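The structure appears below as C-alpha cells.
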Amino acid sequence: MDVCPAGCNVAIYNRMCIEREQRVDIEEIIADHRTTRDALLRDLEAGKKRAKIVVDLVEEAEEELEAFQVQRGGSAVGRWTCDLQVAGAIPAGPLSRNIGQLSLASLRGR
C-alpha cells in the first residue's frame, strides 16, 4: 500500500495516486486502440490488394471481350441488330428507338 512521505500533504499525495492510476488506465486504452488500428490497417491493405486483383481481372475480361467482338466482326449489339434486320424483325437503317426497349413480344408481332 502507498504510504504518504513525511512532510507531504496527504490530499495532494492521494490526488497524485489517483492521477497515476488514471494515466495507466488511459495508456492501456491507447494501446488497445493502437492494436485495433493496426489490425484495421492490415485489413484495409488486404482489401485494397483484393480490389486491385478484381479490377485487373475485370479489365482483362473486357479487353478479351472487345478483342473477341472485333474478331467476330463488330460489337455484339451491332451483330444482333444486323441479324434482326436480315430476319426482317426490324427495319434496316437508323433505329427509331433503343434496341434495349425491344421485347420478344414486339418482335413477334411484326
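A few notes on this one:
- Screening Leu40 against (1) at pLDDT 95 or above; (2) loosely packed, with under 10 Cβ neighbours inside 10 Å leaves a single unmet condition, (2).
- Tabulated pairs, the stretch 9-35, first at pLDDT below 95, second surrounded by 10 or more Cβ atoms within 10 Å (Cβ to Cβ), C-beta under 6 angstrom, 6+ apart or interchain: Val10/Cys4; Tyr13/Cys4
The values are calculated or read from the model by the stated rules, or taken from the named source; none is laboratory data. Not measured: the values here are computed from a predicted model. Counting neighbours? That spans all protein chains shown, and the Cβs are built from the backbone with ideal geometry, glycine included.
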